[in-house]
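Below is one structure, written out as structure tokens; the observations come after it.
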Amino acid sequence: MKRAIILLGLLVMLTGVAVTAQDMVEPRMDLVIADLGQPETNPWVINRHRFERCVAESLGVTLDEFDDENSEEKHVSQAESIIARQPDGLIFNPLTSPAGIQVARLLEENAIPGVAVGRLVVSNYDTDYEGEHFIAQVTQNNDTWGQAIGQATVDAGHKKVAMIWNQKGVTSAEEIWNGVLSVLEMHEDIELIAEAWDRLNRENGILYAEQFIARFQPGEIDAIIVLGAVAGLGSQFAVEQAGRDDISIITTDIDEQVAQFISEGKLGFSIGGHWMVGGFGLIQLYDYLHGFPVENTQPLFSLIPVDASNIDTYAEGLLQGCILNDEQVKNLSRVHNPDADLPGFIDEFSKNWEEFVTADMMEEEMEEEESEGDG
Amino acid sequence: MSGPEPGLGVDASEEARAGRSEMLRNNVPYIAIVLVVLLFTIVSGDRFLSVRNWTFIAQQTPVLLLLAYAQLIVVTTGSIDISVGSSLGFSMYMAVLGMVWLGPAGIVCGILAATLIGFVNGSIFSLLKISSFVTTLAMLIIVRALLNIISDGGSIYVTEQAATGTYVDSVAAPWLLALGRFPNILIFALVVTALMWVFYEKTLFGQQLKALGGSERVLSLFGVSVTWFKIQVFVAAGFMVGLASLISLGRSGAGTPRAGEQFELDAIAAVALGGTPLTGGHGSVLRTVVGALTLTVVANGLTIAGVDPSWSRVARGVLLIIAIAISLNRRRIGVVK
């Protein structure tokens, strides 16, 4: 009887070991992932690359970056050339939905897994997509993004607002604007007095802001909402040059300059952190390449609203790109951590990012103190 | 025994040297493409030479090639058309919109739209005597804006099967998608190339193009209405853009407000790489093919080699300058503008 119990115990232990061994996967160190997006001409792209590189380094992945020169045709041509390089997978930031659909087709035809980040290829992956190799689209929550901008406008007490937005045809940009409108339309006293839809660069930010300044006298306009920090800073520059301190600029994306302006009170509000989707997409692709099925095909990152009250924390923790250390990155991958919950982390990060950054800062301080003490 | 006269000897050697220079200039596009292919073969080997990669190159080149033909027609006369990118996007959208309205036959709306834009370009340039650069620059802006207005920022997709509500705006045309894929897209381009060669090299119109680029006065002395001829030149170029729009639509699978952006620069670069001087007077269909192919292969090869995108653009720009610097016959060019 005793022997039987011992045997049974051993069997249970061996089963446990077998299950654990099955759960553990030997991490591949030879993976080459290509990245296709736009040129590094705005903070979103720059930050996305920075974070993605950190994640790649933590996971031991070789990351090759390419851009599409902001052209739909070149987006597809570049995707073809990248596929000819035979990478293990592709992370792509589709310039437009039609260009993204062509890349998805190429992935299917060439059996190379890929993840779209930042912009949607199809509105709803689970209902609109039937392929096998385009495995997921990791984007930001455009509705809540727009709503946050709208709410910031309401909270600041602006009544007459103009906007400068991406030229029409970019699904994400239009979704964000719909989010803004959904909030503004709930307040009858807020009036949208002018719209500009064009390429978002500094020159156009300046150009349209100057046009609005010329068109509206003080008291006729309170704020200009500008999508993207590059154009937003251009508008800020135009407003400052014209001495129109009656006009506030509300923008998105946060780089060093935006952070400085928010800190100085020149910019009221911005919203960011959505460039992290690149790194999250890379973790998802990395897990998939190790045999883990995709848990959530369309996780949405909620953006981080930033104003004077939290800009210092944001600048300290998120501006440098490498927000997560090696251990934290690996903890998000099921290859290294069977309990990893990447979709949950993506969903929750915007709610507890300040605690996350503060804890990280405290840990660093303690490490520094310890090393000083040792010295 | 007396030797040759010194003066004659010098003339002969100068002539021989000039002949060698001329031969080198004429063959620069061919030498360039061979060198480019050799370079990338050494750097990237199997991946660059793979059938899959050359299938991609065969899909990437035709749209640029047809736009380069449109540019070649105009550049040979000493003018330029920088509206071809906007015109391509507009005619792609009109083609797919025409299919939504009229069924498959509606695709001709794309060719008609591009031809009409060519007619307007030619009319403004010829009748109002506004330089081709300024005229087509204005049209580049106007046509892109019209595209934005008509599309309202939306895209119309070309699908394999009739849509079931996923996309609001779509049209089922599997034959068009097939046209945009290898080998059909290549066959289409080869047929157009053959017709273009006959048109450019063997017809009176082709000869008159070169004559106009050489001297407008000479052409008028032959009794040709230069004003009308210039309009016809832009109409012919517009028609070529219309043909490009068909395969571009098949390749991209959608008419979008951003289609064709920046393509005008690539089309000009392809013509220039083919050794056609932007001052006009002469040109070559075959060398334009090589120019377009070189541009495509260089972009493709640099990506496969893993060159940083910004450096890739620097390399392409430098190649363009070197190729043109070698291929230019400076003795034929009186003024550099």
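Have a look at the DSSP beta bridges in chain A and tell me what percent are antiparallel, nearest 5.
Details: 3 of 39 bridges.
In chain A, approximately 10 percent of DSSP beta bridges are antiparallel ones.
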Rounded percent of accessible protein surface that carbon and sulfur make up, the stretch A:143-271, 1.4 Å probe: 45 percent
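If the only charges are +1 at each Lys and Arg Cβ and -1 at each Asp and Glu Cβ, what is the size of the charge dipole of the stretch B:30-328 around the Cα centre, to the nearest 20 debye? Before the final figure, lay out the partial values.
Working: 14 positive and 11 negative charges, 87 e Å.
Using Cβ point charges on Lys, Arg, Asp and Glu, the stretch B:30-328 gives about 420 debye.
For chain A, give the magnitude of the charge dipole about the Cα centre (Cβ charges: +1 Lys/Arg, -1 Asp/Glu; no others), in debye to the nearest 20.
Values: 21 positive and 66 negative charges, 214 e Å.
Approximately 1020 debye in magnitude.
Inside 10 Å of the C-beta atoms of B:305-311, what's the mean count of C-beta atoms belonging to other chains? Before the final figure, lay out each step's value.
Working: counts 2, 8, 1, 4, 11, 3, 0.
That works out to 4 on average.
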Positive-end extreme of charge dipole, the protein assembly as shown - chosen from A:Ile271, A:Gly219, A:Ala231 (charges on Cβ): A:Ala231
Paired Rg and Dmax values of chain A, which use every Cα atom, in angstrom: 23.4, 95
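Using only helices, what value at 222 nm comes out for chain B when you add -39,500 (n - 2.57) per DSSP H run of length 4 or more and divide by the total residues, to the nearest 500 deg cm²/dmol? Provide the component values of the computation, followed by the final result.
Details: 14 runs with 242 residues, N = 337.
That calculation yields -24000 deg cm²/dmol at 222 nm.
Count, for each residue of A:96-104, the Cβ atoms from other chains sitting within 10 Å of its Cβ, then give me the mean as a whole number. Spell out each step's value before the answer.
Numbers: counts 7, 5, 11, 7, 0, 7, 5, 0, 0.
Across A:96-104, the average partner-chain Cβ count within 10 Å equals 5.
For A:Gly131, what charge total do you get from the other residues with a beta carbon under 9 Å from its beta carbon, if Lys and Arg give +1 and Asp and Glu give -1? List each step's numbers first, then the result.
Details: positive: A:Arg105; negative: A:Glu108, A:Glu130, A:Glu132.
Neighbourhood net charge equals -2.
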Total formal charge among the other residues, if their Cβ is under 15 angstrom from that of B:Phe188, Lys/Arg +1 and Asp/Glu -1: +2
Farthest positive-ward along the stretch B:148-261 dipole, Cα basis, beta-carbon charges - from B:Leu219, B:Pro257, B:Ala244: B:Leu219
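From the C-alpha coordinates alone, can you work out the Kirkwood hydrodynamic radius of chain B, in Å? Intermediate results must be reported in sequence, preceding the final value.
Details: mean 1/r = 0.0471 Å⁻¹.
Mean inverse Cα-Cα distance, inverted, gives 21.2 Å.
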Additional length obtainable on full extension of the chain from A:Met186 to A:Arg215, 0.36 nm per residue less Cα span: 7.8 nm
Per-residue HN-Hα couplings for the stretch A:47-58 [Karplus 6.51, -1.76, 1.60; θ = phi - 60°; Hz; x = Gly/Pro]: 5, 4, 4, 4, 5, 4, 5, 4, 5, 4, 5, 5
Estimated [θ] at 222 nm from DSSP helical runs (n ≥ 4, -39500 (n - 2.57)) normalised by residues in chain A, nearest 500: -16500 deg cm²/dmol
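If you count, for each residue, the other Cβ atoms within 10 Å and average over each peptide, how do B:242-254, A:308-320 line up from highest to lowest?
B:242-254, A:308-320
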Exercise: per-residue mean of other protein chain Cβ atoms within 10 Å, A:82-88: 6
Rounded to whole Hz, the Karplus (6.51, -1.76, 1.60) HN-Hα couplings of the stretch A:286-293, x for glycine and proline: 4, 5, 4, 5, 9, x, 8, x
Cubic angstrom per residue, convex hull over Cα atoms of the stretch B:98-188: 130 Å³
Projected area averaged over orientations for the stretch B:197-255, convex hull of C-alpha atoms, nm²: 4.9 nm²
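In Å², what does the accessible area per residue of chain A work out to with a 1.4 Å probe?
42 Å²
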Over 20 Å [Cα-Cα, the stretch A:143-271], rounded percent: 36 percent
Unpaired by the 4.7 Å Cβ criterion, cysteines found in the protein assembly as shown: B:Cys109
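For a protection proxy built on the mean count of beta-carbon atoms within 10 angstrom, sort A:252-258, A:177-183 highest first, please.
Working: A:252-258: 22.0, A:177-183: 18.1.
Result, highest mean first: A:252-258, A:177-183.
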Backbone HN-Hα couplings from phi across the stretch B:40-50 [Karplus 6.51/-1.76/1.60, Hz, Gly and Pro as x]: 6, 5, 5, 6, 10, x, 4, 5, 6, 7, 4
Heavy atoms of B:Thr135 accessible to a 1.4 Å probe, total area in Å² rounded to 10: 10 Å²
Percentage of interatomic Cα-Cα distances in the protein assembly as shown larger than 52 Å: 20 percent
Lys/Arg +1, Asp/Glu -1 at C-beta; the protein assembly as shown dipole; positive extreme among B:Asn26, B:Val36, B:Ala58: B:Asn26
Size descriptor, Kirkwood hydrodynamic radius, that averages inverse alpha-carbon separations across the stretch B:56-211, Å: 17.1 Å
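So, by mean Cβ neighbours within 10 angstrom, what's the order for A:216-227, B:55-66 with the highest one leading? Don't jump to the answer; show the numbers that get you there.
On the way: A:216-227: 20.0, B:55-66: 24.2.
In decreasing order of mean packing, A:216-227, B:55-66 become B:55-66, A:216-227.
About the Cα centre of the stretch A:193-316, what is the dipole size in debye to 20, counting +1 per Lys and Arg Cβ and -1 per Asp and Glu Cβ, all else neutral? Mind dumping the intermediate values first?
Working: 5 positive and 18 negative charges, 54 e Å.
Once rounded to the nearest 20, the dipole reads 260 debye.
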Amide hydrogen neighbours beyond the local backbone of A:Glu65, cut-off 5 Å, H modeled: A:Asp35
Built amide H within the under 5 Å cut-off of A:Gly118, gap 5+: A:Val138, A:Thr139, A:Gln140
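The values are calculated or read from the model by the stated rules, or taken from the named source; none is laboratory data. This structure is a prediction, so every number in the text was calculated from the model and none was measured. Cβ coordinates were reconstructed from backbone atoms using ideal geometry, including for glycine residues, and neighbour counts include every protein chain displayed. To get the accessible areas, we keep the full protein, side chains included, count just its heavy atoms, and leave off ligands, DNA and RNA. Shrake-Rupley method; radii C 1.70, N 1.55, O 1.52, S 1.80 Å.
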